[in-house]
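Every read-out reported here was derived from the displayed coordinates using simple, explicitly stated rules and does not represent laboratory data. If you're wondering where the values come from, they're calculated on a predicted model, not measured in any experiment. With ideal geometry, Cβ positions are generated from the backbone for all residues, glycine too; neighbour counts draw on all protein chains shown.
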Amino acid sequence: LSQRVLAGTLQNTASAMPTGGFPKVGLTCAAASPTCTIDLAANASSVTVHDSVNGTQTVPVWAFGVNGAPAGLAGNPSSVIKVLQGTTITINLSQGAGTGSPIDLAFPDLPLSAVSHTGTTYTVHANEVGTTLFEPGTNADAPKQIDMGMVGILIVVPSSCTDSVNYACAYDSTAYNHEAVVAFNTIDAEFAANPGSFEMSYFGQSRTADDKPRKVYHMINGKSFPDTDLIDVLQGNSLLIRYVNAGEAEVVPNLVGISQSVLGRNNSPYSDAQAQVAPLIMSGETVEATLTVPRGAIAPTGQKYALTNQVRDFSHGNQHGFGGALTFISIWSQ
């Protein structure tokens, strides 16, 4: 699909950039504090998907909620912890009924020495700059809990970040004008309805062995197009994207019409940024990428640049439209 075709599906009519739109992520704890105490709850919740074949679907999920926020899938601000480098985080973990075996919380990309716990109280030394996941670890139901959506995101910002308002910095202290967490989730409705006895070999498969369609939904930050939020960016401004693959399959986020500069992945910066149209991100991986929106006729006000996962069906069984893991970068004038 061409960028012009995708861009034509949505148009803004307002003259000023909206204050809402794509969820912004601020610091979870005060910048001046070297310590941070967080209440992290794992609870049952649900997501609503506008399935044009089967009608609106409400699918159960299990997810994290930070400091009393309702449980939300990865990328939802309620499942994100963002702190400055050097912060010592104390996480008090609680778990609601019906969400599997007691959770052993894990931070797969952090050094073993950075995480310790006594019972359900975890201490995390946030010394590694970047974006990483936290999720159930070695407990018996961990794989199913993760597939039900129980994945959170930890963002650690350089302590010398020059942006003292939004702290939109990646591995160095360079501040970016805009920041977006783009987390890819896969929700399998049949599995979600009965995770205890579901045949896992079918998880995430869009069709059965006898070629019948299944209700498998690909999402960005827990939402499926057309409900996904637009990423609003001003002409000439820079954007930092924190990609997170919270699903079981690889993702290839393709930004149609703009090249991305990949700064690093999995808490590890590259020595030289890599220009890529669509970086491959395996299950559980994270990638930090940046771009600068052009000015003038190349990126006029109202232009939409499509951001999709190119290796997954994003029509939800509807052969005549868009859906799934699809959103747009929306351009606004200065």
Q: Take the Cα coordinates of the chain, assign each an equal point scatterer, and use the Debye formula without solvent to give log10 I(q)/I(0) at q = 0.11, 0.13, 0.15 Å⁻¹.
A: -0.69, -0.97, -1.29
Q: Would you mind calculating the relative contact order of the chain from Cα pairs under 8 angstrom and at least 6 residues apart, reporting the percent as a whole number?
A: 18 percent
Q: Give me the distance between the Cα centres of the range 32-103 and the range 158-211, rounded to whole Å.
A: 12 Å
Q) Using a basic spin-label model with each label point 7 Å from the Cα along Cα→Cβ, how many nm lie between V252 and D211? A) 2.5 nm
Q: Calculate, in whole percent, how much of the Cα-Cα pair population of the range 104-205 lies beyond 21 Å.
A: 50 percent
Q) In nm, what is the difference between 0.36 nm times the number of residues separating Y202 and N92 and their Cα-Cα distance? A) 36.1 nm
(Q) Springs between alpha-carbon pairs under 10 angstrom, Gaussian network model over the chain: which of G222, G26, G152 fluctuates most? (A) G26
Q. For the pair S160 and S173, how long in nm is the line joining their label points, each one 7 Å along Cα→Cβ?
A. 0.5 nm
Q) Taking the range 153-184, which chymotrypsin sites (Phe, Trp or Tyr not before Pro) meet the DSSP loop condition and have no more than 14 other C-beta atoms within 10 Å? A) none
